[in-house]
1. Could you work out the percent of alpha carbon pairs in the stretch 214-269 separated by over 13 Å, rounded to a whole number?
2. List the residues, sorted by chain then number, that are 5 or more residues from Tyr154 or on another chain and whose placed amide H is less than 5 Å from its amide H.
3. If amide hydrogens are placed 1.01 Å from N in the peptide plane, which non-local residues have theirs closer than 5 Å to the one on Asp53?
4. Ignoring ligands and nucleic acids, what accessible area does Asp84 show with a 1.4 Å probe (Å², nearest 10)?
5. Please list, in order along the stretch 230-246, the HN-Hα scalar couplings obtained from phi with the Karplus expression 6.51 cos²θ - 1.76 cosθ + 1.60 (θ = phi - 60°), rounded to whole Hz, x for Gly and Pro.
6. Count of lysine pairs in the chain with Cα atoms under 18 Å apart, counting only pairs 8 or more residues apart in sequence or on different chains?
7. Could you list which residues have their amide H under 5 Å from that of Asp164, counting only those 5 or more apart in sequence or on another chain, with H placed in the peptide plane?
8. Can you tell me which of 245-255, 288-298, 117-127 comes out highest on packing, and rank the rest after it, using the mean Cβ neighbours within 10 Å?
Amino acid sequence: MLNSVNTPFYIESLLIINPQLGFVQSPVLLNPPIENACVNQKFTDNPDAYDADGDSLYFRLIPPKQAYNTDVAQYTTPHNFTLDPNTGEITWNVPTTVAIYNFAFEVEAYRDKQLVGYVERDLQIIVIDCQFDHPPVLQALHDTCIEAGTNYNYVIPIKATDPDRPDTLHLTASGGPFLQAIRPAKLINNPAIGVDSVKALFEWEVDCSHIRKEPYTVVFKVVDHDSLSDIENMRIRVVGPEPRNLTATPAGNSVILNWKIPICMGPVGYFIYRRSDSSTWAHATCEIGVPGYTGYQLIDTITSLNTFTFTDDNHGHELSPGIKYCYLVTAVYLNAGQ
């Protein structure tokens, strides 16, 4: 950009008030907007966006603005600078010139595929000549899935090291799990401090209130004494427990299904699936619902909270004798789509 000293700084947010969509809050960005990077070394970052409503978030790069509907004059984005639209992870591979850079991006929130708002952020990256200094390195992490209501305490060790010794490291964590009103996650310790290497434990006792459609993002960040950093983000999906003890009892040309309420007292309904002939299909990790390729078909939906039985008579046309039928019942949770 030209004449940066005299260029105004401008960002904006949008919140759409729609009574049909219910209560809406803007997503918040939990990581600071100023970072250091090394010339000729790969840079990664993540704004750690969290939406308390559980809305879907989408990230996209935009030109920085200097006024309403006015982009910064003659702004150009360096090569090999990318933003993952689903996770918000920023990658610059690699900065080649010592300078101060500014990038802007927008975080859009969607509910039922409708835009409910967005927030904009300007990110400043200060690229320095690190010479023989290198950023610390966090161990790789993997996304996971947790079933709520099983008294499950998710614990995972976090470790970071630094190639330049000796060097003091600070390891921190942020994200939606730490902001929960009931049983929030914790990092033992936060921050964790070590020389040359540092270790911590991420711990989250998952509760029924944590069930939601969108995964939670946790961002771990390690910083050395020169403010060089590395990040790793992990997505945790909390799914609702299944209905328990499903039974199917033949009754003439119909079948009576009975089940017990899931461990979490939160379903707003149930989906009833049927398949002709038996099946060995089972859910994969983090898979919810019943995919069409399994041969199961959705035959009815129950919206009563206190109904735990269903009679399948093929909608009054009766079932065919001599055919083996297989059934699945899934619970639907509010704002979870499960």
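1. Everything past 13 Å amounts to 75 percent.
2. Those qualifying (amide H under 5 Å, at least 5 residues apart or on another chain) are Trp204, Glu205, Val206.
3. Those lying under 5 Å, H to H, from Asp53 are Gln25.
4. 60
5. 9, 10, 9, 10, 10, 9, 10, 9, 9, 9, x, x, 7, x, 9, 6, 5
6. Eligible lysine pairs with Cα atoms under 18 Å apart amount to 8.
7. Counting only residues 5 or more places away or on other chains, the set is His134.
8. Answer by packing, highest mean first, reads 117-127, 288-298, 245-255.
The values are calculated or read from the model by the stated rules, or taken from the named source; none is laboratory data. Computed from a prediction, not measured in an experiment: that's the story for all the values here. So basically every Cβ, Gly included, is an ideal-geometry build from the backbone, and we count neighbours across all protein chains shown. Remember, those area values only see protein heavy atoms, side chains included, never the ligands or the DNA or RNA. Shrake-Rupley method; radii C 1.70, N 1.55, O 1.52, S 1.80 Å.
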